[in-house]
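Before any comments, here is the structure.
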Amino acid sequence: MHSVAITGSGVFTPKNIITNDELVATFNAYVDQFNADNAAAIDAGTVNALAHSSSDFITKASGIENRFVMNKDGVLDPAIMHPTLRQRSDDEPGIMAEMAVDACTQALLQAGRTGADVDAVIVAASNHERAYPAVAVEVQDLLGINGFGFDMNVACSSATFGIQAATDMIRTGTARAILVVNPEICSAHLEWRDRDCHFIFGDVATAVLLERAEDATGDHFVVKSTRCASQFSNNIRNNDGFLRRTRPDGMNDRRDMQFMQNGRKVFKEVLPMVSQHMADHLDDNDIEATGLKRMWLHQANKTMNDFIGKKVLGRTPTPTEQPNILQDYANTSSAGSIITFSQNSADLDHGDLGIICSFGAGYSVGSVIVQRVRANKE
């Protein structure tokens with residue numbers, strides 16, 4: 001059994017930013033038009049009037065101030081309110097593969113590797129732009145990797161589940177080095193016309209390179225342990241899929257074909273599950289929570305993260321112990337914990353312990369305990 005290390009990470013950030021103020025202006029314009037168009041039905045009580053949103057509401061509800069997106073124009077058009085991405089030919093790289101390659105290239109550079117040093121690619125994300133061929137195989141080809149690739153989806157926990165899969169393969173000798181990449185175009189599955197969730201998501205792609213620890217040539221993080229768990233729930237769901245056209249109303253603009261969640265139930269049911277999962281994972285590895293230098297949590301909601309951090313540590317974590325990137329990136333599904341890790345890990349000292357944890361639809365929760373290794377102190 002080989003020891004496994006994270007030797008590089010990368011984050012692709014789109015150029016377009018949407019602020020809360022911009023988003024609210026568009027949403028409220030849509031609301032005004034909807035209420036005007038449906039005034040008679042609203043007066044008759046057969047249609048409910050829509051309510052305005054506000055930047056204060058968004059910040060208090062989530063901690064989000066901005067989000068990056070692949071397309072801004074469509075989202076901010078009250079007549080459209082979704083991304084408008086150009087049609088690409090089959091001979092061009094797909095948009096998810098393009099994002100993934102950028103993040104992977106950064107991770108390879110940090111690790112001092114090239115595609116020739118990698119054996120496999122796992123594209124782990126909440127939504128994939130097509131059923132087949134796998135986006136991972138396309139990324140593999142674009143990076144010149146002589147090996148294999150496959151896609152996987154465990155919603156917001158996809159990254160940590162992908163890291164566990166890669167770690168297991170490297171430990172047992174199936175591969176020496178694997179890229180786990182998380183291209184998330186969450187703006188495409190968000191219902192921007194729903195006040196309860198129109199502010200939640202942003203777009204991004206993240207990547208980590210895992211390889212045998214014995215092969216690491218620079219500073220890295222040894223993977224001490226991984227753990228995944230899931231239990232079924234309908235409280236976070238998206239019913240879109242390839243069987244859509246087989247249903248009588250499958251091609252209609254149905255609300256359940258976009259992101260849906262029962263926020264109150266998610267908060268009540270997921271937080272205890274995640275907190276206990278993390279506590280048990282640490283305990284089973286004889287690690288005191290007080291010995292953690294950092295927690296890189298899934299970036300869904302600041303209140304949720306604050307609750308989890310306090311439950312695990314037994315006190316309120318400092319911003320250094322539990323960094324947040326929500327205010328800048330919003331919820332980026334599986335990529336959130338990896339953005340946080342990539343941007344808030346270089347300062348850790350030799351021997352410092354940390355835990356990456358993500359959670360979401362399923363319900364699912366995945367955690368990765370890592371330890372910092374400085375190359376010049378090994």
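Would you mind telling me which residue in 142, 326, 179 has the biggest mean-square fluctuation in a Gaussian network model of the chain, where springs connect alpha carbons within a distance under 10 angstrom?
Most flexible of the set in this elastic network: 142.
Run the simple label-point estimate for residue 90 and residue 284 please: 7 Å along Cα→C-beta, distance reported in nm.
4.5
Between residue 2 and residue 117, what is the label-point separation in nm under the 7 Å Cα-to-beta-carbon projection?
So the two model labels end up 1.3 nm from each other.
Would you kindly state how much longer the chain becomes between residue 40 and residue 264 on full extension, computed as 0.36 nm times their sequence separation minus their alpha carbon distance, in nm to one decimal?
Length gained between residue 40 and residue 264: 77.4 nm.
Using Cα positions and a limit of under 17 Å, work out the lysines in reach of residue 72, with same-chain residues fewer than 8 apart set aside.
Within the straight-line cut-off, residue 72 pairs with 15.
Could you grab the relative contact order for the chain? Cα pairs under 8 Å, six or more apart, rounded to a whole percent. Each step should come with its number before you reach the end.
Values: 827 pairs, mean separation 87.3, N = 378.
Relative contact order, the chain: 23 percent.
Sort largest first and round to whole Å: the equivalent ellipsoid semi-axes of the chain, each the square root of five times a Cα gyration tensor eigenvalue.
Taking √(5λ) for each eigenvalue gives 36, 24, 18 Å, largest first.
Please report, for the Cα atoms of the range 221-276, the Rg to one decimal and the Dmax as a whole number; what are they, in angstrom?
16.6, 52
Between 0 and 90 degrees, rounded to the nearest ten: what's the tilt of helix 302-313 against the longest Cα principal axis of the chain?
The helix 302-313 is inclined about 30 degrees to the chain.
Taking all protein chains in place and a 1.4 Å probe, what share, in percent, of the accessible surface of the range 118-254 do carbon and sulfur account for? Could the numbers behind the result be given before it?
Values: 2720 of 5730 Å².
Carbon and sulfur together cover 47 percent of it.
Nearest 10 degrees is fine. How inclined is helix 263-284 to the longest principal axis of the chain, computing both from alpha carbons?
It works out to around 0 degrees.
Choose one answer from 77, 91, 286: the residue with the largest mean-square fluctuation in a GNM of the chain with alpha-carbon springs under 10 Å.
Taking springs between Cα atoms under 10 Å, the residue moving most is 91.
Can you give the Rg to Rh ratio for the range 1-127, taking only C-alpha atoms and Rh from Kirkwood?
Result: Rg/Rh = 1.15.
Note down the net charge around residue 55, summing +1 for each Lys or Arg and -1 for each Asp or Glu among other residues with Cβ under 12 Å from its Cβ.
Local charge sum for residue 55: -3.
Sorted by packing (mean other beta-carbon atoms within 10 Å per residue), highest first, where do 66-73, 232-239, 112-119 land?
Values: 66-73: 20.6, 232-239: 14.9, 112-119: 17.1.
Put in order of decreasing packing, that is 66-73, 112-119, 232-239.
Can you compute the helix-only [θ] at 222 nm over the chain? Use -39500 (n - 2.57) per DSSP H run of at least 4 residues, normalise by all residues, nearest 500 deg cm²/dmol.
-9500 deg cm²/dmol
Explain nothing, just the number: dipole magnitude of the chain about its Cα centre with +1 on each Lys and Arg Cβ and -1 on each Asp and Glu Cβ, in debye rounded to the nearest 20.
740
Once you treat every alpha carbon in the range 14-70 as an equal point and sum by Debye, what is log10 I(q)/I(0) at q = 0.24 Å⁻¹?
Rounded to two decimals, the profile gives -0.89.
Which of the lysines could a cross-linker bridge to residue 311, judged by Cα under 27 Å and excluding same-chain residues fewer than eight apart?
Counting by Cα, and skipping residues close in sequence, residue 311 has these lysines nearby: 60, 224, 265, 268, 293, 302.
The values are calculated or read from the model by the stated rules, or taken from the named source; none is laboratory data. Since the model is a prediction, treat every value here as computed from it, not as a measurement. Cβ coordinates were reconstructed from backbone atoms using ideal geometry, including for glycine residues, and neighbour counts include every protein chain displayed. Quick note on the areas: whole protein, heavy atoms, side chains included, nothing else; ligands and nucleic acids left out. Shrake-Rupley method; radii C 1.70, N 1.55, O 1.52, S 1.80 Å.
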